[in-house]
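To start, the structure itself, in structure tokens.
The values are calculated or read from the model by the stated rules, or taken from the named source; none is laboratory data. Predicted, not measured: the structure shown is a model, and the values here were computed from it. Glycine gets a Cβ as well: all are built from the backbone with ideal geometry, and neighbour counts include every protein chain shown. These accessible areas exclude ligands, DNA and RNA; they are computed on the full protein's heavy atoms, side chains included. Shrake-Rupley method; radii C 1.70, N 1.55, O 1.52, S 1.80 Å.
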Amino acid sequence: MNSKTQNKIAIGGLYGIAGLVVLILLALLGYILASGVPQLSWHFLTAPGKAFLKGGGVGIQLYNSFYLLILAMLISFPIALGAAIYLYEYAKDNWVTTTIRTAIEILSSLPSVVVGLFGFLFFVVKLHLGFSILSGAFALTFFNLPLLTRSIEDSLRTISDVQREGGLALGLSRWETVTRVILPAAVPSILTGVILSAGRVFGEAAALIYTAGQSAPALDFTDWNPFNISSPLNPMRPAETLAVHIWKINSEGIMPDAKAISSGSSAVLVIAILLFNFAARYLGKRLYKRLTSA
Amino acid sequence: MFVNNDVKNAMAMEERHVIKLSDPDHPVILSTEDLHVYYGKKEALFEGDLEFASNQISALIGPSGSGKSTYLRSLNRMNDRIATVTGKIMYRGVDINQPSIDVYEMRRRVGMVFQRPNPFAKSIYDNIAFALRLRGVTGKHKLDEIVETSLKQAALWDQVKDDLNKSALALSGGQAQRLCIARAIAIKPDILLLDEPASALDPVSTGQLEDTLLSLKEHYTIIIVTHNMQQAARISEYTAFFNQGRVLEYDTTSHIFTNPSVQVTSDYVSGNFG
């Protein structure tokens with residue numbers, strides 16, 4: 001067999017494998033969308049759920065998912081940003097940073113159900129936060145922090161060292177160089193990382209089952225006082241998210257249209273995550289263009 | 001024949017020729033005494049004892065790895081985090097190589113331009129103005145004025161005056177390098193250090209850059225590392241020849257290129273090695 005035929009066989013094999021992957025993904029996506037999209041309606045997206053009757057919606061779960069996502073990001077982003085800046089811009093390579101990096105690696109491969117159980121024991125029980133949005137947001141922070149830190153650190157790494165030297169040579173301190181030169185240049189790539197990790201957080205269920213809880217009490221969308229129990233802003237109320245909702249109705253849903261609601265919710269979740277991904281690419285590209293050519 | 005390193009070094013030590021400056025019109029503004037640089041345990045610069053005359057161009061030449069860039073980067077302490085530098089760096093009578101010196105303040109007086117043009121991901125205007133704003137220079141009028149003068153001094157004004165709000169990353173290599181010079185002189189340094197500023201540029205841009213440097217020496221003291229011996233010969237008054245971490249010869253440029261005192265220098269400038 002000569003090298004030309006060998007090459008052809010290799011290419012054929014690789015095309016086959018790549019095609020298989022695409023096929024599986026498309027089939028999965030197609031199935032979820034095909035069975036879910038017909039269930040979608042304005043009523044389904046906004047109405048509260050019903051426990052025993054058909055015709056319930058996922059309005060509260062959808063809102064909870066977004067609220068929890070925003071809270072989790074508000075907590076985890078500043079911490080991740082600080083950690084990444086320290087690790088990449090300040091820390092020298094020694095045993096301390098090696099330990100931190102190893103800890104981040106381990107945390108990022110921790111099964112999310114373990115994060116959830118830890119959150120239950122620590123935030124829910126020990127700190128008396130109960131099944132609440134706050135407990136869920138903390139658990140998601142633990143889940144999200146390692147990934148976000150690494151993604152921001154990678155963004156900083158893409159900025160060439162000659163930029164840092166340029167800042168220092170102008171008499172800027174290291175801090176001024178990082179905040180005025182490096183971070184602005186890294187914004188597009190940091191933003192992409194943040195949105196992608198938001199997609200993961202949005203679809204997370206296991207870490208939330210034991211922390212944010214599995215019930216979605218009725219909300220009064222006219223009451224924005226965060227201290228009222230029925231206020232959408234109250235962070236101390238239990239809050240079932242969309243992903244948890246899917247898990248729950250599939251395991252113990254007793255409404256007659258459980259299957260339909262589950263399909264519809266899955267479609268909403270997949271569409272939302274797809275939107276996150278597209279938004280990440282679009283915004284990243286746009287920002288980069290604005291910075292480079294204007 | 002077996003010659004051990006000490007003997008070799010001793011022979012090299014003997015053959016050195018470093019002048020002291022005595023030009024009353026151009027007094028010494030910067031000098032180094034007994035400067036040694038170590039990367040970890042490895043010594044990269046064994047000694048550099050040089051004096052630099054104000055408002056003149058001094059060139060540092062030598063083969064790759066001879067320590068000339070290491071020496072230059074020590075002068076404004078850009079090597080602080082990666083190397084250990086011992087010895088004295090006297091700038092206007094003050095030793096700036098000591099911990100109590102405010103390095104950020106010092107680097108505003110001893111500016112630097114690098115080998116690869118490194119404009120920031122900002123507009124042309126902001127590349128120059130933002131460091132000034134950080135130092136409390138405010139007022140649109142004042143900033144406009146400094147941006148214009150710096151760009152004129154760097155011979156870039158005519159090409160970019162209508163595009164000041166465009167991104168600096170869209171400039172060509174030669175323009176970007178002149179923007180970096182404009183950025184460096186906008187904060188009004190005393191001394192400008194240039195680390196092979198033309199090595200990434202085409203011949204035309206290089207020529208323009210050299211003209212720029214020649215016009216700048218009226219206001220600044222310039223120290224330039226270059227691989228290009230013709231460049232050193234064209235623009236500098238003094239030349240230092242580095243070899244294997246040592247300054248072997250330092251004299252006027254015409255002396256170095258026409259009648260060098262040290263054999264190794266002669267070999268290098270006539271292209272026998274390096």
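Rounded to the nearest 10 degrees, the inclination of helix B:140-153 to the longest alpha-carbon principal axis of chain B is 40 degrees.
Calculated over region A:42-292, the projected area of the Cα convex hull averaged across directions stands at 15.8 nm². For B:Ser22, what charge total do you get from the other residues with a beta carbon under 14 Å from its beta carbon, if Lys and Arg give +1 and Asp and Glu give -1? Taking every Cβ under 14 Å from that of B:Ser22, the sum is -4. Taking a ≥ b ≥ c as the square roots of the Cα gyration tensor eigenvalues, with a/c under 1.5 meaning rounded and otherwise prolate when a/b beats b/c, else oblate, which class fits region B:154-203? Note, shape of region B:154-203 comes out oblate. Note on A:Thr102: accessible area approximately 70 square angstrom, rounded to 10, probe 1.4 Å, nucleic acids and ligands left out. Annotation: the antiparallel percentage among DSSP beta bridges lying fully within the protein assembly as shown is about 50.
Each part gets one Cα centre, and for region A:134-210 versus region B:19-58 those centres are 43 Å apart. Set the Förster distance to 41 Å, then compute FRET efficiency between B:Ser266 and B:Glu105 from the Cβ-Cβ distance, nearest 0.05. Between B:Ser266 and B:Glu105 the formula returns 0.45. The B and A chains share an interface that buries close to 2200 Å² of accessible area, total over both sides, probe 1.4 Å. Accessible surface of A:Ser151 in the full protein assembly, 1.4 angstrom probe, to the nearest 10 Å²? Approximately 30 Å² for this residue. Counts of other chain beta carbons within 10 angstrom of each beta carbon in peptide B:130-138 average 3. Using only Cα atoms, find the angle between the long axis of helix A:183-202 and the longest principal axis of chain A, and express it within 0 to 90 degrees, rounded to the nearest 10. Rounded to the nearest ten degrees, it is 30. In region B:96-122, comparing the full protein assembly with the chain on its own, the residues that lose 10 Å² or more of accessible surface at a 1.4 Å probe are B:Tyr104, B:Arg107, B:Arg108, B:Met112, B:Phe114, B:Arg116, B:Asn118, B:Pro119, B:Phe120, B:Ala121, B:Lys122.
Can you figure out the FRET efficiency of A:Thr102 with A:Ser173, using R₀ = 41 Å and their beta-carbon distance, to the nearest 0.05? Write down the numbers at each step before the final one.
Working: r = 30 Å, r/R0 = 0.74.
The computed FRET efficiency comes out at 0.85.
Overall, the accessible surface of the protein assembly as shown at a probe of 1.4 angstrom is composed of carbon and sulfur to the extent of 62 percent. At 7 Å along the Cα-to-beta-carbon direction for both A:Lys8 and B:Tyr38, put a label point, then send me their distance in nm to one decimal. Between A:Lys8 and B:Tyr38, the label points sit 6.5 nm apart. Taking 7 Å steps out from each Cα toward its Cβ at B:His141 and A:Leu110 produces label points 6.0 nm apart.
Compared with the dominant Cα axis of chain A, that is its longest principal axis, helix A:95-108 is turned about 30°. The residues of region A:42-292 have, on average, 47 Å² of accessible surface per residue, using a 1.4 Å probe with all protein chains present.
Remark: relative contact order (chain B) = 27 percent; criterion is Cα-Cα distance under 8 angstrom and separation of 6 or more residues.
Taking region A:50-154 on its own, what percent of its Cα-Cα pair distances exceed 22 Å? Percentage above 22 Å: 43.
Cα centroid separation, region A:52-69 to region B:128-189: 55 Å.
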